[in-house]
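The values are calculated or read from the model by the stated rules, or taken from the named source; none is laboratory data. Because the structure is predicted, anything quoted here is derived from the model rather than measured. Here the Cβ positions follow ideal geometry from the backbone for every residue, glycine too, while neighbour counts run over all protein chains shown. The protein model used for the area step is the full one, side chains on, heavy atoms only, and it has no ligands, DNA or RNA in it. Shrake-Rupley method; radii C 1.70, N 1.55, O 1.52, S 1.80 Å.
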Amino acid sequence: YPMFLTLAYTGMRIGELSALKWSDIDFEEQTISITKTLYNPANNTKKYQLLTPKTQSSIRVIDIDEYVIAELRKHRMQQNEIRMKHRDIYHDENFVFAKNYNKDYLGHPENLKMILLRMRRLLRLAGLDESLTPHSLRHTHTSLLAEAGATLEEIMERLGHRDDETTRNVYLHITKKRKKEVSQKFAELMRNP
C-alpha cells in the first residue's frame, strides 16, 4: 500500500501524509514538501481542515528515493483512472492519498481512523504485531537513519523536529551501540595484525 510505504520511507506524521497533495511532490528532484497537516478530530470525511504544521521546523522538504517515486507514479496512474471514471462526483482537491472505495467520498483525504484500521488489517494478514501504529513506522525510520550513520541534526531536520527528546534518545541508543561495535572492530584489528 503506497501510503504505508511513503510513511515508512519518509518518517512523515500521519496528518502530514493525509494532507499531501500531488503538487507537493517534485518527481524530477525526488522531494516531498511538507507544508500542511490534516485536522479532522471527529473523523468526518467531509469536514476536514488543512492547517499549517504545529511548528516552523515541521515545514520542510524531504528527499525520497527512486523506489518511492516509482510507487507514487503507479499510484497516481491508478488514482487518475478512478478520477476520470467518476469525474462528475470526484472531490478533486489533488490529494495523493484519497479515498477510492466509497462513491460518497471519492477523492476526499484518508482520515486517521481508516488508516489505523487498514494498518491493523495489513499487520494481521502479515502475521505481525497488530499494536503497531503509523507512528511506530516513524520511530523505526528514526532508528534506521541513526543506524545508517545520519547525524542527529539530519534526522531531526528530516522528521521536522526542533528539539525532540525521543529522537535524541533513539539516536543516542543507536550510536552508543555503533561506538561499541567500532571499539570491538578496532580491538580485533589490533589483536590480529
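Taking amide H positions as modeled 1.01 Å from N, with prolines and chain starts lacking one, the residues under 5 Å from THR31 and 5 or more places away or on another chain are ASP26, ILE64. Here each label is just a point 7 Å from Cα along the line to Cβ, and for ASP92 and LEU128 those points are 3.5 nm apart. Phi angles of region 107-116 translate, via the Karplus equation with coefficients 6.51, -1.76, 1.60 and θ = phi - 60°, into HN-Hα couplings of x, 6, x, 5, 9, 4, 4, 5, 5, 4 Hz per residue; Gly and Pro are given as x. Computed over protein heavy atoms with a 1.4 Å probe, the carbon and sulfur contribution to the accessible area of region 29-68 reaches 49%.
Near the amide H of TYR105, within less than 5 Å, lie no amide hydrogens of residues on another chain or at least 5 residues away, with H placed in the peptide plane.
Sequentially through region 9-19, phi angles give Karplus couplings (6.51, -1.76, 1.60; θ = phi - 60°) of 7, 10, x, 5, 6, 5, x, 5, 5, 5, 7 Hz, Gly and Pro residues having no value and appearing as x.
Inter-label distance, LYS85 to SER33: 3.2 nm, where each label sits 7 Å from its Cα along the C-beta direction.
Taking Cα pairs under 8 Å and at least six residues apart, what relative contact order does region 3-96 come out at, in percent? Before the final figure, lay out the partial values.
Details: 102 pairs, mean separation 28.6, N = 94.
Computed value for region 3-96: 30 percent relative contact order.
Backbone phi angles across region 147-157, fed through the Karplus curve with coefficients 6.51, -1.76 and 1.60 (θ = phi - 60°), yield HN-Hα couplings of 5, 7, x, 5, 6, 4, 5, 5, 5, 5, 5 Hz in residue order; Gly and Pro are listed as x. Distant-in-sequence amide contacts of LYS21, defined by a placed amide H-H separation under 5 Å and a gap of 5 or more residues or a different chain, comprise VAL96.
How much length is gained on full extension from GLU157 to HIS139, taking 0.36 nm per residue of separation minus their Cα-Cα distance?
5.0 nm
Classify region 1-116 as rounded, prolate or oblate, taking a ≥ b ≥ c as the square roots of the eigenvalues of its Cα gyration tensor: rounded when a/c is under 1.5, otherwise prolate if a/b is larger than b/c and oblate if not. Oblate. Please label the shape of region 46-169 as rounded, prolate or oblate, based on the square roots a ≥ b ≥ c of the eigenvalues of the alpha-carbon gyration tensor (a/c under 1.5 means rounded; beyond that, a/b larger than b/c means prolate, else oblate). Prolate.
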